[in-house]
Amino acid sequence: MVSTFPNPSSVDLSRIRLSIRSLQPQLVEWRRRLHQQPELGFQEKLTAEFVSQKLQEWGIEHQTGIAHTGIVATIKGKGEVSETIQNPKVLAIRADMDALPIQELNEVPYKSQHDGVMHACGHDGHTAIALGTAYYLQQHRQDFSGIVKIIFQPAEESPGGAKPMIEAGVLKNPDVEAIIGLHLWNNLPLGTVGVRPGALMAAVECFNCTILGKGGHGALPHQTVDSVVVAAQIVNALQTIVARNVNPIDSAVVTVGELHAGTKRNVIADTARMSATVRYFNPSLKGFFNQRVEQIIAGICQSHGANYDLEYWSLYPPVINDIKIAELVRSVAEEVVETPVGIVPECQTMAAEDMSFFLEEVPGCYFFLGSANPAKDLAYPHHHPRFDFDETALAMGVEIFVRCVEKYFVSCH
């Protein structure tokens, strides 16, 4: 359990309009159906079919098969102001659809039916919230005067579906001017919203390194180049990058998550393999870590007479929220949630998200919607085999999205 906030004992739902509260049973039904049929990145065929079926049923124009399984729905407002506007504003809403390669341990009626695959990060909820938002906006097009694009994105967890969708033109025709998205967040209790301008989530870079030594007998180390000793020194030295090379004001993390070497206790291994991630908020650090990581690895290997093979790549840039759009979301959240905690501005995390690619293209805001409820045993962390969330958050998510749409188009004119 990770939520350290009070239990959401008094969440006020009266601020959610009745027409959205009445959608709650449907939102739960959609979410649970999606939860039972989780699919990995770029394999979300059943999920995409379900989303497309609903959009078609509601008469919502949409495109399928974008970046394999992605979908973009377009909803055109019919408000009075739109009659006088030749180029209406376009706001996008993004939701991810993929699951994780995790065996679910929850014993619930809607448990995953796909062995070894689970919605352990809330993407089933994100998709349900986006569907609910699409349905409501389609039924109330007279209440807003712009165009809303709802992007159902594949493969957020890996290898990343945002960039291929952008390359396929989802932000064009008509051109998106701003974008919002949410993440159900079990690090916050139900009835809270985590939103801030600037960096919300970290960039993530990855590397694999193989240390090439010289194996031999454990009793004769002088005849060898011990890859385990070299790797151990590298693991320790990599931590000095954050401790001594990065400005202390700039947060960063270097994590060696895998280290594999050796086959027997009395054999000195000739190779050692490690895999790691690097995370940071400040975009100016891009390009710094890959150089420093290789300098450290090369220096230590040279001092021991070892060689190395290094593969380093950037996965996602940091999630950077636009000041104005973040303020829009914050102001809406204050209207929707009312708890002792409420709005949480200091909600940064070193986790990464490919929503960052959308935010590099257009101004926008990604925010956290509290979904934990320890009183219902719904506070396991993300990516845990018993992850689940309080489904009351679904209607709250729809209400926040709808109000953001309404307020955004009013503020534009």
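The values are calculated or read from the model by the stated rules, or taken from the named source; none is laboratory data. Remember, it's a predicted structure, so these values are computed and weren't measured experimentally. We place every Cβ from the backbone using ideal geometry, glycine too, and count neighbours over all the protein chains shown. Areas reflect the complete protein model, heavy atoms only, side chains present, ligands, DNA and RNA absent. Shrake-Rupley method; radii C 1.70, N 1.55, O 1.52, S 1.80 Å.
For the reader, a short list of remarks on this structure follows.
- Residues satisfying the stated conditions in segment 147-176, i.e. outside any strand (DSSP E or B), touching a Gly at 6+ places or on another chain (Cβ under 9 Å) and not hydrophobic (A, V, I, L, M, F, W, C): Pro154, Glu156, Glu157, Ser158, Pro159, Gly160, Gly161, Pro164
- Glu335 farther than 15 Å from Leu182 by Cα, surrounded by fewer than 17 Cβ atoms within 10 Å (Cβ to Cβ), over 16 Å from the mean Cα position of the chain (by Cα) and touching a residue at least 60 places away in the same chain (Cβ under 8 Å): yes
- Some residue of segment 155-171 being under 14 Å from the mean Cα position of the chain (by Cα) and acidic (Asp, Glu): yes
- Scan of segment 251-280 for residues that are among the acidic types (Asp, Glu) and within 26 Å of His217 (Cβ to Cβ), ordered by number: Asp270
- Segment 224-239, residues that are over 15 Å from Thr271 (Cα atoms) and open to solvent by 60 Å² or more (accessible area, probe 1.4 Å): Asn236, Gln239
- The residues of segment 246-272 that are touching a residue at least 12 places away in the same chain (Cβ under 8 Å), within 29 Å of Val225 (Cα to Cα) and either under 28 Å from the mean Cα position of the chain (by Cα) or surrounded by fewer than 13 Cβ atoms within 10 Å (Cβ to Cβ) (or both), listed by number, are Val254, Thr255, Val256, Gly257, Glu258, Leu259, His260, Arg265, Asn266.
- Any pair with Cβ under 6 angstrom, 6 or more apart, that starts in segment 363-382 at a residue that is of a type outside the set (Ser, Thr, Tyr) and ends at one that is surrounded by 21 or more Cβ atoms within 10 Å (Cβ to Cβ) and part of a helix (DSSP H, G or I): Pro363/Ile325; Gly364/Ile325; Cys365/Ile325; Cys365/Ala326; Cys365/Val329; Phe367/Val329; Leu369/Ala393; Leu369/Gly397
- Of all residues in segment 301-316, those that are under 17 Å from Gln223 (Cα atoms) and of a type in the set (A, V, I, L, M, F, W, C) have Cβ atoms under 7 Å from Cβ atoms of residues that are part of a helix (DSSP H, G or I) and modelled with pLDDT of 95 or more, 6 or more apart or on another chain, in Cys301/Val230; Ala306/Ser227; Ala306/Val230.
- Among the candidates Lys111, Lys78, the residue that is part of a loop (DSSP other than H, G, I, E, B), open to solvent by 30 Å² or more (accessible area, probe 1.4 Å), modelled with pLDDT under 95 and charged (D, E, K, R) is uniquely Lys78.
- Restricting attention to segment 373-411, the residues that are part of a loop (DSSP other than H, G, I, E, B) and not charged (D, E, K, R) total 9.
- Residues that are in contact (Cβ under 8 Å) with a residue 12 or more places away in the chain and either open to solvent by 40 Å² or more (accessible area, probe 1.4 Å) or in a helix (DSSP H, G or I) (or both) within segment 19-34 comprise Ser19, Ile20, Arg21, Gln24, Gln26, Leu27, Val28, Trp30, Arg31, Arg32, Arg33, Leu34, listed in sequence order.
- Being open to solvent by less than 10 Å² (accessible area, probe 1.4 Å), at pLDDT 95 or above and not β-branched (Val, Ile, Thr) is a property that Gly116 lacks.
- Within segment 153-163, the residues that satisfy the criterion of being within 21 Å of Glu205 (Cα to Cα) and buried (at least 20 other Cβ atoms within 10 Å of the Cβ) are Pro154, Ala155, Glu156, Glu157, Gly160, Gly161, Ala162.
- Any hit, segment 314-330, residues being open to solvent by 40 Å² or more (accessible area, probe 1.4 Å) and of a type in the set (Ser, Thr, Tyr): yes
So that you can scan it fast, the table gives a plain yes or no per residue for (1) within 27 Å of Gln153 (Cβ to Cβ); (2) modelled with pLDDT of 95 or more:
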| position | (1), (2) |
| --- | --- |
| Arg279 | yes, yes |
| Pro283 | yes, yes |
| Ile296 | no, yes |
| His304 | no, yes |
| Lys324 | yes, yes |
| Ala333 | yes, no |
| Glu338 | no, no |
| Met350 | yes, yes |
| His382 | yes, yes |
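- Among the residues of segment 40-63, the ones that are open to solvent by 20 Å² or more (accessible area, probe 1.4 Å), in a loop (DSSP other than H, G, I, E, B) and of a type outside the set (Gly, Ala, Ser) come to 4 in all.
- Among the conditions (1) at negative phi; (2) open to solvent by less than 20 Å² (accessible area, probe 1.4 Å), the only one that Ile343 does not satisfy is (2).
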